[in-house]
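Structure first, commentary second.
Only the coordinates and a few stated rules stand behind these numbers; no lab work does. The model shown is predicted, which means the values in this text are computed figures rather than measured ones.
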Amino acid sequence: MSAESPGPRGRFAHGRLRFRGWRRSRPFWAGLLTLMGGLPIAYFPYANLKLGHLTLTMATTAGAGSLIIGVLLVTLGLTMWFQPVVRVFAGVAAILLALISLPVSNLGGFFLGFVCALVGGALSIAWAPGRPGEAVDVEADAGPLDAAPQETPGPLPADLPGGAGAPADAPAPRDPDAPGGPRATALEASGGTTSAV
């Protein structure tokens, strides 16, 4: 292994940070709960319970409805992950399907699927994307794990407007109260008087 290759530990850390960035950019937990809510709703009507030599079949007349509700909930969970723009629609649809699953599919998968789909739908409706400035910079975080943080230098005097290294034709910063400034212009426009209400 060369000094430039990250090695297994670096690749794992980089992959973990990329997954963290992906997970934070969408309603991840809402999609996971909705997906997990669809599984018991679709599974229990077709499950066979064995007690010794006795087999109990849980098939109901609404078995097809349970399968459709379960598959739709799984699809909505995946939609929340891969199309976060439609999260509100997916959340409302998940809540409605969870409520419909109560009478149709063995009390919503014995309340397990019902509760997961209901909470997942609510989380999807409530989720809002973060501001663009808060995005996790994966490349910056993927540096060596044991490296000390480096300090970034502050602005140099030459970089400031009107500083030593500024071009001669660069305008100096303006005082808002100076003649021609934004506050002074408002006072001049009102005739120099301020009115108290």
For region 28-126, the Rg and Dmax computed from alpha carbons only, in angstrom:
13.7, 51
For region 28-126, what is the relative contact order in percent, using Cα pairs closer than 8 Å and at least 6 residues apart in sequence?
40
